[in-house]
1. Of all residues in segment 52-73 being under 24 Å from residue 143 (Cβ atoms), hydrophobic (A, V, I, L, M, F, W, C) and at pLDDT 95 or above, which is surrounded by the fewest Cβ atoms within 10 Å (Cβ to Cβ)?
2. Restricting segment 47-67 to residues that are in a strand (DSSP E or B) and among the small types (Gly, Ala, Ser), which is farthest from residue 127 (Cα to Cα)?
3. Return the residues of segment 81-96 that are part of a loop (DSSP other than H, G, I, E, B) and crowded, with 19+ Cβ neighbours inside 10 Å; say none if nothing qualifies.
4. Being without any contact (Cβ under 8 Å) to a residue 40 or more places away in the chain and either of a type in the set (D, E, K, R) or assigned to a helix (DSSP H, G or I) (or both) is the filter here, so list the residues in segment 98-130 that pass it.
5. Look at residue 18 and say whether it is closer than 21 Å to residue 111 by Cα, surrounded by 14 or more Cβ atoms within 10 Å (Cβ to Cβ), in contact (Cβ under 8 Å) with a residue 60 or more places away in the chain and of a type in the set (Gly, Ala, Ser).
Amino acid sequence: MPKFRLEFNGAICRWCRSCELICSLIHEGACSPSLSRITITIDQFNAEVSADFCRQCDNPACLRSCPVEGAMVIDERTGATLIVEDHCNGCGSCAEACPFNKEGTVIKFNPERKVYFKCDLCGGKPACVDACPTGALRLKEIER
């Protein structure tokens, strides 16, 4: 089974944030960075950019911490850890357990639906990668 991860190259990112907009549009039906599964942070003072998204860990703490059976699963095709929003009770244990979830930028809460969400790699064809005009985002296959 192949496993995939997103990679980000800040050196070629042009800060357009198209990735955030397409992600939220595809998943939530609205162009809203707060509903995107990728978070772009721009430090204009130092002219630096970073991207936060699920790293699709080999041994995901979020999955192990979830108390609801079936609320988090591994996608057999991509190896991505998924939140099954129909089963999520909104407890936030996944967000608390994630070591990369600084300030809620990897696993986010949707206050309208009262569920958590994170990158699901769009089933293996991430919309953010397709929307990035510079190629700063790419999907990388990880050898197992």
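The values are calculated or read from the model by the stated rules, or taken from the named source; none is laboratory data. Source: prediction; values computed, not measured. Positions of Cβ are generated from backbone atoms using ideal geometry, with glycine treated the same way; all protein chains shown enter the neighbour counts.
1. By that ranking, first place goes to 73.
2. 50
3. 88, the sole residue that qualifies.
4. Result: 103, 104, 112, 113, 114, 125.
5. no
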